[in-house]
1. Taking θ = phi - 60°, what integer Hz values does the Karplus form 6.51 cos²θ - 1.76 cosθ + 1.60 yield along the range 5-13, in sequence order, with x for Gly and Pro?
2. Loop only per DSSP, at most 13 neighbouring Cβ atoms within 10 Å: give me the trypsin sites (Lys or Arg not before Pro) in the range 4-70, ordered by residue number.
3. Pairing the Cα long axis of helix 162-173 with the longest principal axis of the chain, what angle in degrees results, from 0 to 90 and rounded to the nearest 10?
4. Need one number: % antiparallel among DSSP beta bridges in the range 176-298, to the nearest 5.
5. Could you tell me the extents of the chain's C-alpha atoms along the three principal axes, largest first, rounded to whole Å?
6. Quick check: Cα centre of the range 268-295 to Cα centre of the range 131-204, how many Å?
7. DSSP loop (so not H, G, I, E, B), at most 10 other Cβ within 10 Å: list which trypsin sites (Lys or Arg not before Pro) in the range 130-178 pass both filters.
8. Once you keep just the Cα pairs under 8 angstrom separated by 6 or more residues, what percentage relative contact order results for the chain?
Amino acid sequence: MKNIYGLTMEDLEQYFISKDGKKFKATQVFEWLYKKRIKAFSEMRNISKKTIADLENDFVIEPLNIIAKKEDVDVVKYLFNLHDNNKIEAVLMLHDYGNSLCISTQVGCNMGCHFCESGRLKKVRNLDASEMVRQILAVEEDLKIRISHIVLMGIGEPFDNYDNVIAFIDIINNPKGIDIGSRHITISTSGIVPKIEAFMNYDKQVNLAISLHAPNNAIRSSIMEINKAYPLEVLIPTVKKYVLKTGRRVTFEYIMLKDVNDSEEQALLLSELLRGINCYVNLIPYNETSHIEYKKSTKEQIMKFYDTLKKNGINVTVRREFGSKVNAACGQLRSNYEEAKDEI
Ligand code: SAH
Ligand code: SF4
């Protein structure tokens, strides 16, 4: 049976129109679910018995199960069990500007980036919208906090699960629901060009981050399989078009991998590649994993790279390192769990 948390306001309105024509009930249900956080339909006091019985017949209202949790000063990492026993994770980061939750969009990932734990574990299936929404609800309930920012940077490639991701954004952005502002939501993609094209026509001001990680095709193809399908001469013009069409600035993520993509010469190449694009570059210190041989760049190398980009007129920041102690990088908690169930 369908989980109620996967319905957009529009879906719920359609549902009530088909039941009794009273679509205003959709707003009431949204408020009960997301403002009052009820656990059973029977708790909805201003809704008729008949409607409650209908909802109970047609939908389930089930939270996600937290099966493991790891905390550090500024980060809490969660592992969830899904109804089919698949495991996914979410990472909460406590910033001075608010609480940001990094959520998963798939079980595993088929993009196969060589440096990534999630890619090592092949895609099993897409998450539905309710499984994304429920990651937020579970963390908010567990810590009794409100999450202000969402990043789709956990396990999975959001643009390989496009329709569910868009439904998820519609649900959490709705003012009658969790009400997370679109400018507080960031989707990260490895660069699935047709979906970047589709996303240009999406009317919400959601942020887009592109996992670039290399200044040329030779390096990018050696670490990211997707570059063979959508190489830079296709990706970069698409991103330029996206920026022009939407007026939104994009972020390029760039993982700093020792002796792979972190030289000053590569920083110059990157500056050339991005010249004139309304963007900024986020340099990400690589989170080493025991299964993959890549090493993180030294701090000095990262700063040299940063300076070269700056000197060449590129907006650049270095990402603060969260939770390397708790294996916060994409896919790491789950992958450790699968191997040593009690030792994460
Ligand atoms: N599939 C999407 C979103 C999930 S990955 C994408 O690739 O953009 C989110 C970000 O984490 C990506 O930029 C990815 O390259 C990065 N990442 C993956 N493994 C990492 C690691 N071990 N250390 C640091 N960043 C990592
Ligand atoms: Fe998938 Fe992103 Fe990991 Fe690449 S970096 S394997 S696209 S989750």
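The values are calculated or read from the model by the stated rules, or taken from the named source; none is laboratory data. Remember, predicted model here, so these are calculated numbers, not experimental data. FYI the Cβ positions are ideal-geometry reconstructions off the backbone, even for glycines, and counts take in every protein chain you see. To get the accessible areas, we keep the full protein, side chains included, count just its heavy atoms, and leave off ligands, DNA and RNA. Shrake-Rupley method; radii C 1.70, N 1.55, O 1.52, S 1.80 Å.
1. 5, x, 8, 6, 4, 4, 4, 5, 4
2. Lys22, Lys36, Arg37, Lys39, Arg45
3. Between the helix axis and the principal axis of the chain, the angle is about 70 degrees.
4. Within the range 176-298, antiparallel bridges account for around 5 percent of the total.
5. Principal extents (Cα only, largest first): 69, 48, 36 Å.
6. Cα centroid of the range 268-295 versus Cα centroid of the range 131-204: 23 Å apart.
7. Qualifying residues, ordered by number: Lys144.
8. 15
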